[in-house]
Amino acid sequence: MTAQDRELSFGIKTSQMGLTYQEILSTWRQADQVPAISHAWLWDHMVPLRGDITGAALEAWTLLAALAAQTSRLRLGVIVTSNRLRNPALLAKMAATTDIIAGGRLDFGIGAGAAGSPARTPPCGSSGRTECRSSPPVRRSATSPRPAP
């Protein structure tokens, strides 16, 4: 694919930090009605990145499945799911289930996640200390003819 074959697209990213489900859902439903917005994203952090770490921060994949059920057009995903937070087989199953709920609208991205703040760990596949063990089970789940029950 060349640069000329690609179309410019616009999307939204909503932070789960300090927001309620109803606030995020309202934003996603509004975006789903705007033809110029083609995709929507969440981030994969278990605690707020700023301020009080005990503050509200909804879990990305649970929230994504709920939002997938409440939207009909937007492509959706989690901006770089951290390889360190979930068992690979469980993550593959979560992604496959979310994609079924979304009617095939899931865009899946995976990385190594942060080793700590402000240090960063190299992404999966790059030379560095992190091995991307999630890739084989996630790839098998994504490429199998039908999701396992």
Just to be sure I understand the model, the point goes 7 Å from the Cα along the line to the Cβ. What's the resulting Ser72 to Leu19 distance in nm? 2.3 nm
Each residue of region 68-77 in turn: what ³J(HN,Hα) in whole Hz from Karplus with 6.51, -1.76, 1.60 and θ = phi - 60°, glycine and Pro shown as x? 4, 6, 9, 10, 10, 10, 4, 6, 8, x
If a/c stays under 1.5 just call it rounded; otherwise compare a/b with b/c (prolate if a/b is bigger, oblate if not). Do that for region 68-108, with a ≥ b ≥ c from the square roots of the Cα gyration tensor eigenvalues. prolate
Length-normalised contact order of region 19-91, Cα under 8 Å, at least 6 apart, in percent, tallies to 37 percent
What list of ³J(HN,Hα) values in whole Hz, one per residue of region 25-32 in order, does the Karplus curve 6.51 cos²θ - 1.76 cosθ + 1.60 (θ = phi - 60°) give from phi, with Gly and Pro shown as x? 4, 4, 5, 5, 5, 5, 4, 5
Given R₀ = 30 Å, FRET efficiency for Ile79-Thr54 by Cβ-Cβ distance, to 0.05? 0.85
Can you list residues whose amide H is under 5 Å from His45's amide H, if they're 5+ apart or on another chain and H is modeled 1.01 Å from N? Ala60
With a Förster distance of 25 angstrom and the Cβ-Cβ distance between Asp107 and Met46, calculated FRET efficiency to the nearest 0.05 equals 0.70
Note the full-extension length gain between Arg6 and Val34 as 0.36 nm times their separation in residues minus their Cα-Cα distance, in nm to one decimal. 8.0 nm
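No lab work stands behind these numbers, since they all come straight from the coordinates. Nothing here was measured: the structure is a model prediction, and the numbers come from that model. So basically every Cβ, Gly included, is an ideal-geometry build from the backbone, and we count neighbours across all protein chains shown.
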